[in-house]
1. Under the 0.36 nm per residue contour assumption, what length would be gained going from the current alpha-carbon distance of residue 145 and residue 242 to full extension?
2. Counting pairs of alpha carbon atoms under 8 Å apart in space and at least six apart in sequence, what relative contact order in percent does segment 2-197 give?
3. Efficiency by 1/(1 + (r/R0)^6): what FRET value for residue 132 and residue 211, r their Cβ-Cβ distance, R0 = 30 Å, to the nearest 0.05?
4. Got the relative contact order for segment 44-139 handy, in percent, Cα pairs under 8 Å and 6 or more residues apart?
5. How big is the gap, in Å, between the Cα center of segment 80-102 and the Cα center of segment 198-247?
6. Using per-residue counts of other Cβ atoms within 10 Å, averaged over each peptide, order 24-31, 222-229 from highest down.
7. Separation between the residue 200 and residue 122 pseudo-spin-labels, each 7 Å from Cα along Cα→Cβ, expressed in nm?
8. Can you bin segment 1-81 into rounded, prolate or oblate? Criterion: square roots of the alpha carbon gyration tensor eigenvalues sorted a ≥ b ≥ c, rounded for a/c under 1.5, prolate for a/b above b/c, oblate for the rest.
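Coordinate-derived values only; no laboratory data. Predicted model only: the values in this text are computed from it and were never measured. Note that each Cβ is placed from the backbone with ideal geometry, even for glycine, and that neighbours are counted across all protein chains shown.
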């Protein structure tokens, strides 16, 4: 399971959500369907695009001009996970179960802030949309080698969920930034903004999927494994390799893996494409589900922690 809070340098989420909402409507404009694929959240399954934009843009009270107004969360099951859902529920049934799963992921998102009054997806302002296709970009090896053209559809099952979540909670009173990971270096800031652990959030999404759908995940397919391989030291990677070689798959093994992953310095972890490559190499078939880049002008920026002002030394000019 690949879950990512999009974080790009050229991001532009400080204004209206209109461009992003319009972009995520692309399949409704290009695909032949009986009816449009509508947006959903924890309360409704039939939200129109204009309602999404109006709600998000109307929940920005007391946010500064240079503050993020919303964030984009990508929930992308691997092809192996999608095949598992199809066997259980069929093509149409799996869509409805993915929607319910998305609600549970957003429950985890809310709880991760550890803020009073923010306990479930119903405390957030968010909207999600199911997408069925992915497209090759200039970054894909197939395009670089001339095998595929940019814009061609990727093969296999590519169904995934895109979620736009407001920076402020459903009441409009509380600021919530998943990019705040001060981890105690600024206690007052953490208490005010809500300290968000992105590693724990991604692991929780994987755990929820396995529990809800009875998915038997190999140790090498876990997010914890990818995180240790990416950020762990030599000893930690060796411990992980020993577990992988044994491949017992017991609860004890999985608990140890999660503990090992949590030992890895989370401050070195970010949402860069480097980690995508690590995860893709560690999980067979996941390369086919990597995210296509956002179009120009539609990107997401992280929240920056306030810099401490340096005290200026007063010079003595012979007084």
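1. Details: separation 97, 0.36 × 97 = 34.92 nm, distance 3.65 nm.
So the chain would gain 31.3 nm between residue 145 and residue 242.
2. On the way: 286 pairs, mean separation 46.3, N = 196.
Relative CO of segment 2-197 lands at 24 percent.
3. Working: r = 25 Å, r/R0 = 0.85.
It comes to 0.75.
4. Values: 36 pairs, mean separation 16.0, N = 96.
Rounded, it is 17 percent for segment 44-139.
5. 22 Å
6. Values: 24-31: 13.8, 222-229: 24.5.
Packing proxy ranking, top to bottom: 222-229, 24-31.
7. 2.3 nm
8. Values: a/c = 1.87, a/b = 1.30, b/c = 1.44.
Judged from the Cα gyration tensor, segment 1-81 comes out oblate (a/c at least 1.5, b/c at or above a/b).
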